[in-house]
Each structure stands twice: as C-alpha cells, then as structure tokens.
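K.L.:
Let me give you the structure first, and then I'll get to my questions.
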Amino acid sequence: MAAKEAYYSGNPILTDDEFDRLEADLLSMGSDVPYIVGADDRKAKYSHPSPMLSLAKYQASLDGTPPTESATAWMNKIGHHSFEITPKYDGNAANCIYIDGKLSQVLTRGNGTKGRDITDKVKHNLPDAIGFDGTVEVRGEVVIKVSTFNAKYANFKNPRNYVAGVLNRDENPSEVIADLDFIPLEVRLHKDGQFIYLNPRIPGFVHAPYIFYSGPQAFEMAYQNMVEYRRTSEYQLDGFVIKAPEMLRAELGENSHDPNWAVAIKFPPKEAITTIKSISWQYGKSGAVTPVAVMESVDLDGSTVSRAALFNYTYLKNMGAYPGAQVAIAKSGDIIPQILRVISPGNEAEFEHPSHCKCGSELVLSGVHLMCENENCIMNEWHKFYQGVAWLDLDGVGGSMIKQLFAAGYRSGLDLLNPTKFNKEILLEKGFKDGKILANMLEQISRITEITPREILMIMAFRNMGSTTSKQIGNFLSGVDYSFHGLEKSVVSGFGPGEAKRLAYESAVAEISNYIKVVLPEAISAESISFEMTGSPKAAGFKTKQEFIQSAKAKGYHHTGLKDAKVLFTDDLNSASSKMEEARKRGIRIISYSDIYEG
C-alpha cells in the first residue's frame with residue numbers, strides 16, 4: 001500500500017516492477033489490495049455508507065485499436081439495447097454524503113471502505129442541501145480544468161497529481177481550493193438497509209458535460225466519439241465508462257472488486273523512449289529469478305520511470321533487451337511501466353546472467369525461467385512469510401515491519417497469533433521499539449479470535465496456492481463438500497493422510513487451536529438445494545437478502561452463484577433480466593421468493 005499511497009498522494013514512486021510483482025503475489029493469494037484505487041493511510045478513518053469499488057477495465061492497444069471484442073461481449077452479457085456512455089475523468093475519486101438532505105461529509109475513496117475527510121476542500125463546489133431524505137451518496141471525481149492547470153500550476157507533473165497533492169495537504173490557500181471542481185457520476189439513496197440508484201444530474205452540482213447512449217453494435221462509433229471529445233474536454237480524460245441503465249443496476253449488483261453494471265474503457269497508454277543501462281535480478285517465492293531493466297530515467301505521463309519488468313530470462317533474450325538496448329516503454333494500466341518493444345538491441349556478448357541464487361544454490365533454466373530449486377531457499381522463506389503476514393491484513397503493518405519481523409527470526413504468519421511466541425516482552429527483547437506502531441500491531445492481532453482452515457492454509461503460503469484452491473482444500477481437510485475440478489494437481493496433492501502437506505497443516509492447527517478458535521466450514525447435506533437470487537425478496541416479507549438466505553437455509557437450501565444453482569428465486573417471474581435469461585438457458589428452475597414458504 002505504500003507505493004499506492006505515494007501514487008495517489010501526488011508523489012508517484014510506481015516506477016519499477018517491484019510493484020508489478022507485489023500485485024501478482026497478492027492476486028495469487030486472493031488479496032483485494034490490487035483492486036484498491038486510492039491510499040489506505042491512517043487519516044482514512046471515516047466509513048463510506050457502502051463500499052467504493054474500482055471498475056473493471058478494458059484497455060485499448062497502443063496503436064489505438066479499441067477493445068471491441070471484450071466490450072461488446074460485456075454489453076451483450078448485460079443484455080440491454082442501450083447503455084450510458086460518460087467520460088472517465090483522470091481525477092481523484094470522492095464521495096459526498098448527504099444525511100436528510102444536508103451535506104454531512106466528503107470523503108476520499110481511501111481503501112474503498114474508509115476515506116479521509118476532504119469536506120473543506122470540496123464543499124465550495126457542492127450544494128449545501130438536496131431534496132432527498134435519508135442517506136445519499138453522491139460519488140464522482142475531484143478535478144481541475146486543464147486550462148487552469150496550464151495557466152497556474154504547470155510546474156506540477158499533471159492535473160491529476162496536482163489535485164491529489166491539494167487533497168492530501170492539511171492546509172491550502174482559498175484561491176487554490178477554488179480551482180477544484182467536483183463532477184458527480186453516481187448517486188445512491190439508502191433505504192431499509194439497501195440502496196437504489198438515482199440519476200446523478202442533481203441540481204446544484206457541476207455535471208458531466210458529455211453523456212450519450214449507445215448499444216453493443218455501435219461500440220466502435222462510441223469509442224471514436226469519446227476520442228474526439230477528449231480533444232476538446234475541459235478536463236483530463238483517460239477513457240470512458242459504459243454503464244447499464246439505472247433500472248438494472250440494483251439487480252446486476254456488485255462483486256467484491258467492482259460493480260457488475262459498469263466497465264471502464266481505457267484509451268491507449270502513452271509511451272516513451274529510453275535506454276537500458278543494466279539488468280538487476282529479483283528472487284521470487286516460486287523459485288523464479290526474474291530480470292528487471294534499469295533504464296535511463298525518462299518522464300512517462302507524469303512519472304519519472306527508471307525500471308521496467310522483463311518477466312523472465314527467455315523474454316529478455318528473445319527481445320534483445322540487453323544493456324545498451326533502446327526501448328519503447330509504456331504504463332500497463334496507466335500505472336505499471338513495461339517494455340513494449342526493443343528499437344535497437346543491446347550487446348549480448350557483454351551480458352551475463354547470474355549463475356547462483358542468493359542462497360548459494362545453482363540456478364537452472366526451467367522453461368522460460370531461471371530457477372532456484374532449493375526448497376529451503378531463504379528467498380522462498382521470505383516470500384512465504386510476507387504472504388502469510390499480508391493475509392492477516394494488519395492495518396499499518398507494511399513491508400518494512402514485515403522485514404523486521406523476518407530479521408527477528410519469525411518464519412510463519414501463524415507465529416504472530418501465538419502469544420507465547422509473539423508478545424510485547426519478546427518483541428522488545430528482539431529489538432523492536434516500544435511505541436504506537438508496536439501497540440497498534442499487537443492490538444490488531446489481539447482482535448483475531450477465530451480462524452478458518454482456508455485462512456490457515458493461506459497464511460502457511462503453500463506454493464502456488466490461491467484463495468479458491470485453499471477453500472477447496474480446507475473443505476477437504478474438514479470433511480465437507482469440496483471439488484478439485486480445474487485446480488492444479490501439484491497444488492492439491494500432498495494433503496492425503498500421512499502426507500507432508502497434511503501433516504504440516506495438522507501440526508499448525510493443533511498449535512493454533514490452543515490460542516484461537518478454528519472455525520470449520522459447515523457441511524452441505526446431499527438433500528440441500530443450491531440457489532441464486534435476482535430482484536428483491538422484500539415483497540415476500542423479507543427485509544434483506546441475508547434474511548432470506550437464512551430462512552432458505554433452514555428449509556434445506558444453500559446459496560451459490562448461478563453457475564451451480566438448481567433454483568433461481570425472483571420477485572418477477574416475467575422478468576427479462578440477464579440472470580433470468582441465463583437461468584432459462586441452463587434449465588434452472590425459476591420460482592418466486594414467496595414460494596419458500598411452501599417448500
């Protein structure tokens with residue numbers, strides 16, 4: 001999060017592939033951190049009424065070719081003839097919260113759950129009151145006109161970074177704050193524990209000046225329209241957003257990372273030309289040793305870039321990306337720098353790759369990677385420990401603290417949950433400084449009173465085991481329903497009775513259960529019926545969907561996704577929603593919510 005925080009505070013340090021590899025590691029363990037857009041800092045302590053998620057993205061190619069196939073497939077999946085198309089402002093996301101019609105607070109996105117208060121920096125641009133009772137979230141982007149930026153603040157790298165700096169400073173002159181605009185893009189009205197979507201064009205706001213509608217068949221025309229609009233836009237844009245109609249959004253819902261009813265289309269990334277000076281090497285938890293290009297520093301869309309990923313040894317050789325090579329680079333997803341192509345190769349004759357790992361073991365070429373095959377490699381131990389501690393999701397415990405714990409001799413994230421191994425007295429003896437940081441870490445760990453088999457497996461950081469695999473193995477070890485279908489055999493093997501991975505897991509459970517409760521997953525009976533939901537169960541007498549799920553559970557049902565469902569509950573048997581259409585295609589039984597009383 002430190003790298004993300006620096007980027008979103010207007011002082012980007014996202015200039016090398018450590019960030020890329022960290023995100024890849026976090027994704028492999030099922031972490032949500034790669035999906036967070038914003039800085040998870042200590043001032044981000046105010047809760048959003050509902051999570052502020054990022055958007056799924058489809059990137060145009062460098063030559064300007066739009067992502068037509070991906071975008072039209074998404075639109076066809078939604079199954080509607082018309083979609084709202086709005087600019088994607090390259091600004092800073094914010095949430096204006098109104099309570100009973102009056103402005104209460106404005107928050108940054110933060111970590112998506114909590115943000116920092118920026119009310120004083122934005123309220124000049126907002127109406128003091130709106131005509132709605134209850135809690136209303138008006139979400140949008142804090143931006144600055146390009147003309148204003150060029151005239152007054154051109155010494156900063158770009159408008160987005162400048163605005164981020166203003167929002168993160170404690171004090172700003174009134175004339176600086178006056179230059180910021182807030183553009184609303186989404187409105188949520190909360191009622192009865194849920195929310196409905198409203199038209200964002202609420203009186204009193206500065207509104208998105210360009211909105212039009214398009215269907216799947218006209219995507220490329222919509223793309224070209226937005227490319228043309230970008231040239232005349234008052235504000236900096238980095239793409240546009242396709243949104244399903246408001247009437248469908250509640251039904252389409254959200255997943256843990258992004259709304260299902262919207263997707264971002266990103267314009268082509270900008271590129272720069274530079275020269276590779278040398279190659280450094282990184283040692284990963286899988287044993288792979290990967291090259292990193294160290295380049296002459298160059299400005300790339302507002303960031304000073306000096307390092308870029310080369311992915312693997314074979315990729316480096318095939319590209320000719322040796323020292324001395326002139327290369328074109330761009331930011332993948334507008335953040336992570338990568339080499340697009342080699343303009344002129346470097347000198348292969350003067351290049352040597354490392355022959356041994358930092359642990360002393362000889363490196364071998366396995367497939368496309370240089371590999372260390374030593375299972376006890378200290379670098380492998382470090383990455384496993386880092387993954388295990390990261391999975392505990394301790395706020396304020398970042399890379400430097402994890403390094404300090406590793407240096408102090410800790411080798412498993414589970415050790416942090418054992419009070420006989422991990423307490424204040426022991427940490428002070430190991431050289432840790434007494435103070436708020438240490439107290440915060442110990443306080444957060446003390447709140448962990450339960451743990452599941454899936455979490456234990458993830459903290460143990462078995463090689464190549466992700467969130468889905470750990471859940472199924474956890475179910476298998478707990479004696480409840482599981483499926484290894486589609487999972488890598490080498491990852492799920494070794495957990496049979498008496499086998500090494502199982503013995504290690506059982507030993508960990510035996511130890512940790514002395515200090516916190518191990519909560520086993522519930523078995524699903526053979527007679528239990530899987531189901532999915534669409535629409536709202538309120539008309540059938542249920543206040544929330546969760547209340548319906550609990551009632552259904554008592555009657556022998558268990559909630560799954562549509563893919564595994566035998567029954568789809570709905571509030572409208574005649575609905576033409578995407579879930580209903582998919583259920584009809586799959587032959588899934590469709591019944592109303594009220595029928596739960598009869599079954």
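K.L.:
Consider only pairs whose beta carbons are under 8 Å apart and that are at least six residues apart or on different chains; among these, list those whose first residue lies in the range 142-162 and is assigned by TED's automatic domain parsing to the domain that holds Leu126 and whose second residue is assigned to a helix (DSSP H, G or I) and small (Gly, Ala, Ser).
P.N.:
That search, which allows pairs on different chains as well, returns Phe156/Gly165.
K.L.:
Return the residues of the range 160-202 that are of a type in the set (S, T, N, Q) and exposed (fewer than 13 other Cβ atoms within 10 Å of the Cβ); say none if nothing qualifies.
P.N.:
Residues of the range 160-202 of a type in the set (S, T, N, Q): 161, 168, 172, 174, 194, 199.
Once the filter is applied, which keeps residues that are of a type in the set (S, T, N, Q) and exposed (fewer than 13 other Cβ atoms within 10 Å of the Cβ), the range 160-202 yields Ser174, Asn199.
K.L.:
Okay, next question. If a residue must be touching a helix residue (DSSP H, G or I) at 6+ places or on another chain (Cβ under 9 Å) and part of a helix (DSSP H, G or I), how many such residues does the range 489-520 contain?
P.N.:
The qualifying residues number 11.
K.L.:
Here's another thing I want to ask about it. Somewhere in the range 570-589, is a residue within 30 Å of the chain's Cα centre (by Cα), of a type in the set (Val, Ile, Thr) and outside the structural domain of Glu251 (by TED's automatic domain parsing)? So that I can check it myself, show each step before the final result.
P.N.:
Start the filter on the range 570-589 by keeping residues that are within 30 Å of the chain's Cα centre (by Cα), which leaves 577-583.
Pick out the ones that are also of a type in the set (Val, Ile, Thr) and you get none.
Checked against the condition, which is being within 30 Å of the chain's Cα centre (by Cα), of a type in the set (Val, Ile, Thr) and outside the structural domain of Glu251 (by TED's automatic domain parsing), the range 570-589 yields no hits at all.
K.L.:
State whether the residues of the range 82-92 include one that is assigned by TED's automatic domain parsing to the domain that holds Leu189, touching a residue at least 12 places away in the same chain (Cβ under 8 Å) and farther than 22 Å from Gln236 by Cβ. Lay out the reasoning, then the answer.
P.N.:
Start the filter on the range 82-92 by keeping residues that are assigned by TED's automatic domain parsing to the domain that holds Leu189, which leaves 82-92.
When the remaining residues are screened for being touching a residue at least 12 places away in the same chain (Cβ under 8 Å), the result is 82-92.
Checking the rest, the ones that are also farther than 22 Å from Gln236 by Cβ come to 82-83.
Checked against the condition, which is being assigned by TED's automatic domain parsing to the domain that holds Leu189, touching a residue at least 12 places away in the same chain (Cβ under 8 Å) and farther than 22 Å from Gln236 by Cβ, the range 82-92 yields at least one hit.
K.L.:
In the range 284-297, how many residues are surrounded by fewer than 21 Cβ atoms within 10 Å (Cβ to Cβ) and at pLDDT below 90? Show your work before the answer.
P.N.:
Pass one, the range 284-297, residues surrounded by fewer than 21 Cβ atoms within 10 Å (Cβ to Cβ): 284, 286, 288, 294, 296-297.
If we keep only those that are at pLDDT below 90 too, we end up with 284, 286, 288.
Here the count works out to 3.
K.L.:
Further question on the same structure: From (1) in a loop (DSSP other than H, G, I, E, B); (2) at pLDDT 55 or above; (3) under 30 Å from Tyr210 (Cβ atoms), pick out the condition that doesn't hold for Pro87.
P.N.:
Just one mismatch for Pro87, condition (1).
K.L.:
When Ile402 is evaluated against the numbered criteria (1) more than 19 Å from Met458 (Cβ to Cβ); (2) out of contact with any Leu (no Cβ under 9 Å at 6 or more places or on another chain), which criterion, by number, is the only one it fails?
P.N.:
Condition (1) is where Ile402 drops out.
K.L.:
In the range 575-597, is there at least one residue being outside any helix (DSSP H, G or I), among the aliphatic types (A, V, I, L, M) and under 18 Å from Met247 (Cβ atoms)?
P.N.:
Step one: of the range 575-597, the residues outside any helix (DSSP H, G or I) are 575-577, 587-592.
With the extra rule that they be among the aliphatic types (A, V, I, L, M), the set shrinks to 576, 588, 590-591.
This time we only want the ones that are under 18 Å from Met247 (Cβ atoms), so: 576.
Yes, the range 575-597 contains at least one residue that is outside any helix (DSSP H, G or I), among the aliphatic types (A, V, I, L, M) and under 18 Å from Met247 (Cβ atoms).
K.L.:
Could you grab me the full set of residues in the range 124-158 that are out of contact with any strand residue (DSSP E or B) (no Cβ under 8 Å at 6 or more places or on another chain) and either assigned to a loop (DSSP other than H, G, I, E, B) or closer than 28 Å to Gln194 by Cα (or both)? Even if it seems obvious, please write down each step before you answer.
P.N.:
Within the range 124-158, the subset out of contact with any strand residue (DSSP E or B) (no Cβ under 8 Å at 6 or more places or on another chain) is 124, 131, 133, 146-156, 158.
Across the range 124-158, the qualifying residues are Gly131, Asp133, Tyr153, Ala154, Asn155, Phe156, Asn158.
K.L.:
For the condition among the small types (Gly, Ala, Ser), within 29 Å of the chain's Cα centre (by Cα) and not assigned by TED's automatic domain parsing to the domain that holds Thr469, what is the one hit in Gly541, Gly561, Gly556? Reasoning before the result, please.
P.N.:
Working: Gly541 fails: within 29 Å of the chain's Cα centre (by Cα); Gly556 fails: within 29 Å of the chain's Cα centre (by Cα).
Checking each option against the conditions leaves just Gly561.
The values are calculated or read from the model by the stated rules, or taken from the named source; none is laboratory data. Fair warning: this is a prediction, and the values are worked out from it, not measured in the lab. Cβ sites come from the backbone with ideal geometry, for glycine too, and all protein chains shown count toward neighbours.
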